[in-house]
Amino acid sequence: MDKKAVFLFLLVILSLRFFDYVLASEGLLKYIAYGYMSVAVLLSLPFFFSEKGGFVLPIQLISTSIFLSIFMAQISWGQGLQYAPTTIPYLIWFTFFYLIHLKIPIDKVEKIVLFFGCVYIALFLFQFTHSSTVLFGFREIVEDRGVNRVVFPGGGVFLLSCFIAINKFTTVKKYKYVWLLFALSGVAITVLQVTRQQIFLLVLFYLIHLLKDLKLKYKILTIVLFALASYAFLNSENSISKGLVEQQKTDASFGKDYIRIVAAEYFFNSFTPNLVSKVFGNGVANDTSSYGKYMVYLSETYGFFLTDIGVLELYIMFGIFAILGYIWILIKSFTLSLPNQYYYIKYYIWFIMATSLSSDFLISPSYLITTILVLYCYQYLYKWPKISLHPTVY
């Protein structure tokens, strides 16, 4: 592995903080992770204005918004600059520009993502079968929706590796059924995490990919078989399917009093203290500052979590221009073409955007590094379209 690949390998695992391993939340491992991300951001700054076209301008908007939010937290909430390191995991947006400078081939990016996708699967299965002790992430593992629910951190590399696998199943002749097995394992693990929206979207994008080149009669047959299989699963006596159905009924019964809706209304209408923060955001709260303590109070007293309000979290933290940056990225994902073997790039972007109303995937450190890698690959193909014309054979 060359130096560029080593840099990227370390950037991925350290930005994920070893999949939020509990011992990396404090102490030496945390300092190593934050130190490495800080160095990566500093290395990227000289290249911030060196590129044009493609996704450069929207990423410049997002990166600048995140940087300015450090000062917004001080202006609007009195959170001193000594708490600025809290924003470091979000500042890795800047590394997009250093990656363009390094010009790492896409096949190396794919291999690194697939490696960490395999690591994710292994660690998830270990945590799932040892649920009495939380080793990764910060959520208590409880029985929910018919299963011991493990919402495993670092889902970005897992999601992207699944899309790479289903893409290669149809475009690469070698190891065809290995790719299919990987893709199907992605569905199985997503089902075990019993998150309805993610299950639906993952299967939907798989279907879109598999159906796009089939004749009409085979498309109809596949859709019918999928519909029948879904109906059978949701109406079975399986504890997971019963749990998903019951959760859907429970959420629907709350109507406008659903806690996510109430939280969204509060954060949008009442939270931001001044006009400047309504434009540039409030910044990232540190749990030990007065700003952070107020956020903890909201969560413990009212059940209001920024992570529950989707794209509004992005607006509350980083302001209008960050929102505009993401909208720009979405538009470009429809207008810029890709070779068939790289359609997984579009699937990932669309998945993240489709979940943006109810999840924190847009800015969660568990997904952010993968989003940057996806946009880097897109920019790579935009800037050097003739370099990667054929599918990688592993």
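Cβ-Cβ under 6 Å, sequence separation 6+ or interchain: first residue in segment 127-140 and surrounded by 15 or more Cβ atoms within 10 Å (Cβ to Cβ), partner of a type in the set (Phe, Trp, Tyr). Which pairs?
Qualifying pairs under 6 Å: Gln127/Phe136; Phe136/Phe19; Phe136/Tyr21.
Would you mind finding the one in Leu210, Leu192, Leu180 that is over 20 Å from the mean Cα position of the chain (by Cα) and touching a residue at least 40 places away in the same chain (Cβ under 8 Å)? Spell out the reasoning first.
Values: Leu192 fails: over 20 Å from the mean Cα position of the chain (by Cα); Leu180 fails: touching a residue at least 40 places away in the same chain (Cβ under 8 Å).
Criteria check complete, one pass: Leu210.
From the list Leu314, Leu330, Leu298, exactly one residue is of a type in the set (A, V, I, L, M) and within 16 Å of Phe55 (Cβ to Cβ). Which is it?
Only one candidate qualifies: Leu330.
Filter segment 272-315 down to residues that are in contact with a Leu (Cβ under 7 Å, 6 or more places away or on another chain) and not hydrophobic (A, V, I, L, M, F, W, C), then give me how many there are.
Number satisfying all stated conditions: 2.
Name the residue that is farthest from the chain's Cα centre (by Cα), counting only residues in segment 350-367 that are buried (at least 21 other Cβ atoms within 10 Å of the Cβ) and in a helix (DSSP H, G or I).
Phe351
Go through segment 42-63 and count every residue that is part of a helix (DSSP H, G or I) and buried (at least 18 other Cβ atoms within 10 Å of the Cβ). Talk me through it step by step, then tell me what you get.
Here is the first cut: in segment 42-63, the ones part of a helix (DSSP H, G or I) are 42-47, 56-63.
Right, trim to buried (at least 18 other Cβ atoms within 10 Å of the Cβ) and you get 44, 56, 58-63.
Residues that pass the stated criteria total 8.
If Leu338 passes every condition in (1) in a helix (DSSP H, G or I); (2) surrounded by fewer than 19 Cβ atoms within 10 Å (Cβ to Cβ); (3) not hydroxyl-bearing (Ser, Thr, Tyr) but one, which one does it miss?
Only one criterion in (1) in a helix (DSSP H, G or I); (2) surrounded by fewer than 19 Cβ atoms within 10 Å (Cβ to Cβ); (3) not hydroxyl-bearing (Ser, Thr, Tyr) is unmet by Leu338, namely (1).
Quick check: anything in segment 232-255 more than 26 Å from Val147 (Cα to Cα), modelled with pLDDT under 55 and exposed (fewer than 12 other Cβ atoms within 10 Å of the Cβ)?
Within segment 232-255 (the criterion being more than 26 Å from Val147 (Cα to Cα), modelled with pLDDT under 55 and exposed (fewer than 12 other Cβ atoms within 10 Å of the Cβ)), the answer is no, since none of the residues qualifies.
Name the residues in segment 175-198 that are crowded, with 18+ Cβ neighbours inside 10 Å and of a type in the set (Val, Ile, Thr), would you?
Those that are crowded, with 18+ Cβ neighbours inside 10 Å and of a type in the set (Val, Ile, Thr): Ile189, Thr190, Val191, Val194, Thr195.
The values are calculated or read from the model by the stated rules, or taken from the named source; none is laboratory data. Just so you know, these numbers come straight off a predicted model, no measurement behind them. A quick note on method: Cβ atoms are made from the backbone with ideal geometry, for glycine too, and the neighbour counts reach across all protein chains shown.
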